[in-house]
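A.B. asks: Here you go, one structure.
The values are calculated or read from the model by the stated rules, or taken from the named source; none is laboratory data. This one's a predicted model, so the numbers in the text were calculated from it and none came from an experiment. A quick note on method: Cβ atoms are made from the backbone with ideal geometry, for glycine too, and the neighbour counts reach across all protein chains shown. Just so you know, the surface numbers come from the protein's heavy atoms only, side chains and all, with ligands and any DNA or RNA stripped out. Shrake-Rupley method; radii C 1.70, N 1.55, O 1.52, S 1.80 Å.
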Amino acid sequence: MPRKKKRTHVRVDESVANNPNAPKIPKSFVFKSGHVGKSVEALVRDMRKVMEPHTAIRLKERKSNRLKDFVAIAGQLGVTQFLIFTRTDTGTNFRLTKTPRGPTLCFRVLKYSLIRDVLTTQINPKSFGSEFHTSPLLVLNNFGGEEDKMKLMTTMFQSMFPSINVNKIQLAEARRVVLFNYNSDTKIIDFRHYSIGVKPIGISKSIRRIINSNIPDLNQYHDISEFVLREGHMSESEAESGVEATVTLPQDFIGKINKKSDQRAIKLTEIGPRMELQLVKIQSGLCDGEVLFHEFNQKTPEEIKKIERERQQKKQEAALRRKEQEKNVERKKAEKEAHRLATSDGAILESDDDEDENDEDDDDDDDDDDENDEEEEQQQSSTDEMDFDIES
């Protein structure tokens, strides 16, 4: 019986895989289009970490790749959305689109900070790893408008991550939070990415380190009380807040001391990246199609109809060109096949002529052999007569 690997092969939940009514998990491609520079390339890598674990973390883009190349493999892998970053002379752009038919939200990235930039601003940055094994929770703030663009943005942002069943979710899986905050005055969307942590209530950070069995360095202290009572030497970011929101854990959480029914304070630590986004336009298709909304260009209904007619005309012309190309390809194939058959028939006729010539040569050789046999017989008979004469 072959050995089954357990560490490198993820177990598939057959009850979910075979259930057609089970909720589908959104999967994504995060990639760049065109030349964007090293900073935007780093932003693409950071956004892939945000979208983990249901994204292609090692996706490789080539200069020759086009959007249709990603669309061709998206269906086979069950990818439901693309996050595309581009860069132009005016700045960095971000597109969020549903596969395979859209719609597409086009944003302008006004500002952004990478993960390394966010961690640099922290006095004691934390290393993250296991937090990315589960999908983040999504928080949308101030997206309650009645405008069509607000409803569409809400739907598109919600479709980026798996839906949550409050009755079945495991508390240990809630490790990260993605926040989209909309400012109605400036029309700017703030994107933030946090790690969720809990901490005991009423004790200092030094005591928590001892409880968590993280042996502190006491080399510079004469007594452990100096380590416990050193709150005055901590920075403001490390000091405990006077007012904290507390919760009662309904389940066991990460950590040995975070047990069910314990009261804990929730702490959010920013991971990064962070972005400031501005919605520019909405297209009905996959990075194409009718412009449903544009922030800067307001067109009349007549202009919209004219643009739609021109777009449909271009599609028809492209379809005609495609059919013409297909006919040319078929014609060339037929000509090539006819040329091959004609060439092969000519080769067969030449081979037949060669065989006839070879047969004539063989007949001549046979005649020569017969003449040689007659000469040998004559020589033999004369030799016999000579022998006979000698004997007689």
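A.B. asks: Exactly one condition in (1) assigned to a helix (DSSP H, G or I); (2) hydrophobic (A, V, I, L, M, F, W, C); (3) within 17 Å of residue 25 (Cα to Cα) is false for residue 79; which is it?
C.D. replies: If we test residue 79 against (1) assigned to a helix (DSSP H, G or I); (2) hydrophobic (A, V, I, L, M, F, W, C); (3) within 17 Å of residue 25 (Cα to Cα), just (1) comes out false.
A.B. asks: Would you call residue 298 over 36 Å from the mean Cα position of the chain (by Cα), open to solvent by 40 Å² or more (accessible area, probe 1.4 Å) and at pLDDT below 75?
C.D. replies: No; evaluated as a whole, the condition is false for this residue.
A.B. asks: Just to be sure I understand, how many residues within the range 134-166 are of a type outside the set (S, T, N, Q), open to solvent by 80 Å² or more (accessible area, probe 1.4 Å) and in a loop (DSSP other than H, G, I, E, B)?
C.D. replies: 4
A.B. asks: Out of curiosity, is residue 130 touching a residue at least 40 places away in the same chain (Cβ under 8 Å), open to solvent by 90 Å² or more (accessible area, probe 1.4 Å) and under 22 Å from the mean Cα position of the chain (by Cα)?
C.D. replies: No; evaluated as a whole, the condition is false for this residue.
A.B. asks: Does residue 114 satisfy the criteria of being free of Cβ contacts under 8 Å to residues at least 60 places away in the same chain and open to solvent by less than 50 Å² (accessible area, probe 1.4 Å)?
C.D. replies: no
A.B. asks: What number goes with the only condition from (1) in contact (Cβ under 8 Å) with a residue 24 or more places away in the chain; (2) under 23 Å from the mean Cα position of the chain (by Cα); (3) assigned to a helix (DSSP H, G or I) that residue 108 does not pass?
C.D. replies: Answer for residue 108: the failing condition is (3).
A.B. asks: As an exercise: evaluate residue 93 against (1) open to solvent by 60 Å² or more (accessible area, probe 1.4 Å); (2) under 29 Å from residue 149 (Cβ atoms); (3) not in a helix (DSSP H, G or I) and give the number of the one condition it does not meet.
C.D. replies: Failing condition for residue 93: (1).
A.B. asks: For residues in the range 39-79 being surrounded by fewer than 18 Cβ atoms within 10 Å (Cβ to Cβ) and of a type in the set (S, T, N, Q), which is nearest to residue 179 (Cα to Cα)?
C.D. replies: For the range 39-79, the residue satisfying everything is 39.
A.B. asks: Another one. Output the residues belonging to the range 167-191 that are open to solvent by less than 50 Å² (accessible area, probe 1.4 Å) and either free of Cβ contacts under 8 Å to residues at least 12 places away in the same chain or under 30 Å from residue 147 (Cα atoms) (or both).
C.D. replies: 176, 177, 178, 179, 180, 181, 182, 188, 189, 190, 191
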